[in-house]
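Since the structure comes first, as structure tokens, the remarks are kept for the end.
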Amino acid sequence: MTGTSASQPSYLDVTKGLFSWIFTLDHKRIGLLYLYTVGSFFLVGVILGVIMRLELFNPGADIIEAQTYNQVFTLHGVIMVFLFIIPSIPAVFGNFFLPIMLGTDDVAFPRINLMSWWLYVIGAIFALGTLIFGDGPADTGWTFYAPYSVKTGTNVSMTVLAAFVLGFSSILTGLNFIVTIHRLRAPGMGFNDMPLFSWALYATSWIQLLATPIIGITLLMILAERVLGIGLFDPAIGGDPILYQHLFWIYSHPAVYIMALPAMGIVSEIIPTFSQRTIFGYKAIAYSSMGIALVGYFVWGHHMFTSGMSGPSAWIFSLLTFFVAIPTSIKVFNWLATLYKGSIDIEVPLLYALAFIFNFLIGGLTGLVVGALAADVHLHDTYFVVGHFHYVMLGGTGFAFIGGLHYWFPKMWGKMYNKAVAKLAFAIIFIGLNILYFPMLILGVMGMPRRYYDYLPEFHTLNQVSTVGSWIMVTGLIIMLVNLFIAHRKGKKAPDNPWNGITLEWQTKSPPPLYNFDKMPKLAKGGPYNYPNAKNS
Amino acid sequence: MEHSFSLPNSGHNYDAKASKLGMWLFLYTELLLFGGLFMVYMVYRALNPDAFLIASFNLNVWLGTINTVVLLTSSMTVAMSITAIQKGNSKLSLILLALTVAAAVIFLVIKYFEWGAKIEHGFWPGMDHFTNLPFGEQLYFYLYFFMTGLHGLHVVVGMVFILIVMKKIKNGSQNKNKNQLLENSGLYWHLVDLIWIYLFPLFYLIH
């Protein structure tokens, strides 16, 4: 590669061949392995989503039957949640950049890091294996609610096993990051000198570590019930399906913050870089990540307001849900305050970061609507919920992921993409996303239930608008991918620091050498975002 | 590989503290794994207090007590083996670890006979006798088999860990100065013990 001329070859050039990749211990290569696998599953999930939108273009069964539709939305959910969005930012960018940002040469346990990728692959094989083995993919929805998940003939066992293995992979990544942050920071870098992306990963890792085991054991119980007849959730033999819902959401609500926090971390990197200004309220942003992680544990009940719950527990869960909005809005206000009077440079990553704020605002505020008791009774299990979490997940985390990809692309491969095309792709994706999901919010308020292949005639127009939105968004995604692919093949050589960033990854070469630094990295005086030429008034 | 410059905070250095921290974090996840089951137990016990009481009389308190003693003793021997290796006595450490493994085997054999007797009397889910039990008692036995089964699996895993460490002590890669792997397997073994300390009263003793 042309990027490095000095003594050490880049991590891409050190060794060649397939085995030097799939058995690598280098955190950067493992990050890329994750990028390719996670990215592929994202595309599979997108295709499944497009199929669903096509089916919903007209009422009635047009291209797929009801049962197939149930299996498609389940597979879409399982792939997008467990194979794409949970591992996406931590496993790809966390693996690649956490050690570099901390000024070290690897994570604390490189072998465990490789093992977690292999577990991910095994889990993925199980998840997709349901297409071939047994009586087809699960049709339960990604929530696997008992007792239906115990009774259905489809291959729930294998899907659940996949989620269990993927959970283990996620735990090991989190464990690795926590130890790395505690033990491997550069000399002189205290916790409060870390970049905010590291803080976000730190909070995320704790959630991965402390919430995932609960779903692990819960899924094992479903498995035991299906395979051994150990019936803990079947009301026909005294079990309690509501207990299953509690156990499921005790993990799966904190998991929402596994998805959201790293995205906020990326936005906290992009915004100061492109406004060339010290981040406003460093500690507030850092600690609010921990705050979200903590409060996130105590709000799972808001998924179950209509499942049967005592009055006091319902309003306590609702109140706690509102508390999550506080640290979240602290972050948003701090980002805006950072932009204020900064030297803003409208580059592609910043566009994605700003769109993140916009989308997340819609996703977050609609979240408060469904978190409110009275409103939730009306909106529960309608398209409003679908619109809400797609705004958060794709409009939020997905945008931060793509933004991060454009931000770090020159560092990862030492090449620069065509910025004009990237901006065009951004505009199309952004417009497509809003046309795709905003009608869902309206449909939900009108009363259209989720998870059906069919709907009443009065919902026809808005469903068609939404489906057209999906075509626009996919067009944008294709342009974005082709642009990056061309850049990867024959893009112009990128400088080591194309954005004038001052976190440590910009001090090393593009692409970095195998051990990240060939001289001691210098920490910025006065914190990780203290831009020397900025007017910090 | 050519590696002229090396960071002082390299991830490739041997770092016993990092390894220990990682192990503790892993133990939290194990505790939470069983924590989920303890919660299920709590809920169902609260809903079916009488049935749980009646069902618990089917277990043999003596066998449970013997197993508790066996496991506690093995926890002691593994702790002693760590002290032994830190004082440079690898041979004693190996003997103590062998005793630990022996205790684990005894535990599993006793467990095998306990389970065997239950299954012989038709207490396994799906058997005729079992399906005629009241719901609450069925739940008790679901939990009994699931929780002690999962715990038994952990005993096996802990045993394998200790056997691997024994091999490493023999070839000298775990020694007086570098014994974090042994300490980590010890920690894991204490966890196996700790979980049993909760399982024993929950299933055998509460009357």
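The values are calculated or read from the model by the stated rules, or taken from the named source; none is laboratory data. The structure displayed is predicted, hence computed values, not measured ones. Methodologically, a virtual Cβ is constructed for each residue, glycine included, from the backbone with ideal geometry; neighbour enumeration extends over all protein chains shown.
Tabulated results
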quantity: Checklist (1) more than 19 Å from residue B:142 (Cβ to Cβ); (2) of a type in the set (S, T, N, Q); (3) facing chain B (nearest Cβ under 10 Å) applied to residue A:218, failing item; calculated: (1)
quantity: Hey, residue A:481 among the aliphatic types (A, V, I, L, M), more than 17 Å from residue A:8 (Cα to Cα) and within 14 Å of another protein chain (Cβ to nearest Cβ) or not; calculated: no
quantity: Top-ranked residue in segment B:172-207 [being assigned to a loop (DSSP other than H, G, I, E, B) and not small (Gly, Ala, Ser); ranked as surrounded by the fewest Cβ atoms within 10 Å (Cβ to Cβ)]; calculated: B:207
quantity: Test: residue in segment A:94-104 that is within 26 Å of residue A:162 (Cα to Cα) and surrounded by fewer than 19 Cβ atoms within 10 Å (Cβ to Cβ); calculated: no
quantity: Count of segment A:151-164 residues which are in a helix (DSSP H, G or I) and either crowded, with 24+ Cβ neighbours inside 10 Å or away from every other protein chain (no Cβ under 14 Å) (or both); calculated: 9
quantity: Filter result for residue A:187 (modelled with pLDDT under 95, surrounded by fewer than 24 Cβ atoms within 10 Å (Cβ to Cβ) and out of contact with any helix residue (DSSP H, G or I) (no Cβ under 9 Å at 6 or more places or on another chain)); calculated: yes
quantity: Residue in segment A:504-514 that is hydrophobic (A, V, I, L, M, F, W, C), crowded, with 20+ Cβ neighbours inside 10 Å, over 24 Å from the mean Cα position of the chain (by Cα) and within 18 Å of residue A:53 (Cβ to Cβ) present; calculated: no
quantity: Selected residue (only one of A:369, A:377 is assigned to a helix (DSSP H, G or I) and surrounded by fewer than 16 Cβ atoms within 10 Å (Cβ to Cβ)); calculated: A:377
quantity: Set A:171, A:122: member being at pLDDT 95 or above and away from chain B (no Cβ under 14 Å); calculated: A:122
quantity: For residue A:313: the one exception among (1) touching a His at 6+ places or on another chain (Cβ under 9 Å); (2) farther than 29 Å from residue A:438 by Cα; (3) not β-branched (Val, Ile, Thr); calculated: (1)
quantity: Checklist (1) within 14 Å of chain B (Cβ to nearest Cβ); (2) of a type in the set (Gly, Ala, Ser); (3) in a loop (DSSP other than H, G, I, E, B) applied to residue A:134, failing item; calculated: (1)
quantity: Candidate set from segment A:221-241 (those that are touching a residue at least 40 places away in the same chain (Cβ under 8 Å), within 10 Å of another protein chain (Cβ to nearest Cβ) and closer than 16 Å to residue A:143 by Cβ); member that is surrounded by the fewest Cβ atoms within 10 Å (Cβ to Cβ); calculated: A:233
quantity: Filtered residues of segment A:44-71 (kept if closer than 30 Å to residue A:174 by Cα and surrounded by 15 or more Cβ atoms within 10 Å (Cβ to Cβ)); calculated: A:44, A:45, A:46, A:48, A:49
quantity: Pairs, first at positive phi and part of a loop (DSSP other than H, G, I, E, B) in segment A:337-349, second surrounded by 13 or more Cβ atoms within 10 Å (Cβ to Cβ) and among the polar types (S, T, N, Q), C-beta under 8 Å, six or more apart; calculated: none
quantity: Segment A:349-407 - residue that is in contact with a Pro (Cβ under 9 Å, 6 or more places away or on another chain) and small (Gly, Ala, Ser) and, of those, nearest to residue A:437 (Cα to Cα); calculated: A:387
quantity: Among residues of segment B:3-56, those that are in a loop (DSSP other than H, G, I, E, B) and at the interface with another protein chain (Cβ under 7 Å from one of its Cβ atoms), counted; calculated: 10
quantity: Hits in segment A:510-530 - residues which are farther than 18 Å from residue A:404 by Cα, in a loop (DSSP other than H, G, I, E, B) and within 14 Å of chain B (Cβ to nearest Cβ); calculated: A:514, A:515, A:516, A:517, A:518, A:519, A:520, A:521, A:522, A:523
quantity: Residues (over 24 Å from the mean Cα position of the chain (by Cα) and surrounded by fewer than 14 Cβ atoms within 10 Å (Cβ to Cβ)) located in segment A:320-345; calculated: A:340, A:341, A:343, A:345
quantity: Criterion: outside any helix (DSSP H, G or I), touching a residue at least 60 places away in the same chain (Cβ under 8 Å) and not acidic (Asp, Glu) - qualifying residue of B:123, B:141; calculated: B:123
quantity: Among (1) buried (at least 19 other Cβ atoms within 10 Å of the Cβ); (2) of a type outside the set (D, E, K, R); (3) more than 22 Å from residue A:158 (Cβ to Cβ) - the single one residue A:18 does not satisfy; calculated: (1)
quantity: Check on residue A:209, within 11 Å of another protein chain (Cβ to nearest Cβ) and more than 22 Å from the chain's Cα centre (by Cα); calculated: no
quantity: Residue within segment A:247-263 that is part of a helix (DSSP H, G or I) and under 17 Å from residue A:338 (Cα atoms) present; calculated: no
quantity: Selection within segment A:416-461 - over 25 Å from the mean Cα position of the chain (by Cα), over 22 Å from residue A:66 (Cα atoms) and either buried (at least 22 other Cβ atoms within 10 Å of the Cβ) or without any contact (Cβ under 8 Å) to a residue 12 or more places away in the chain (or both); calculated: A:420
quantity: Out of B:147, B:80, B:76, sole residue that is within 13 Å of chain A (Cβ to nearest Cβ) and part of a helix (DSSP H, G or I); calculated: B:147
quantity: Residue in segment B:132-152 that is of a type in the set (S, T, N, Q) and at pLDDT below 95 present; calculated: yes
quantity: Test for residue A:299: is it touching a helix residue (DSSP H, G or I) at 6+ places or on another chain (Cβ under 8 Å), under 23 Å from residue A:358 (Cβ atoms) and buried (at least 22 other Cβ atoms within 10 Å of the Cβ); calculated: no
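Listed here are the residues, each with its yes/no results for (1) closer than 30 Å to residue A:189 by Cβ; (2) under 21 Å from the mean Cα position of the chain (by Cα); (3) within 14 Å of chain B (Cβ to nearest Cβ).
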| residue | (1), (2), (3) |
| --- | --- |
| A:86 | yes, yes, no |
| A:90 | yes, yes, no |
| A:102 | yes, no, yes |
| A:105 | yes, no, yes |
| A:110 | yes, no, yes |
| A:114 | yes, yes, yes |
| A:130 | no, no, no |
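Every residue, every condition in (1) part of a helix (DSSP H, G or I); (2) among the hydrophobic types (A, V, I, L, M, F, W, C); (3) surrounded by fewer than 22 Cβ atoms within 10 Å (Cβ to Cβ); (4) in contact (Cβ under 8 Å) with a residue 12 or more places away in the chain, yes or no:
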position: A:357; (1), (2), (3), (4): yes, yes, yes, yes
position: A:394; (1), (2), (3), (4): yes, yes, no, yes
position: A:397; (1), (2), (3), (4): yes, no, no, yes
position: A:404; (1), (2), (3), (4): yes, no, no, yes
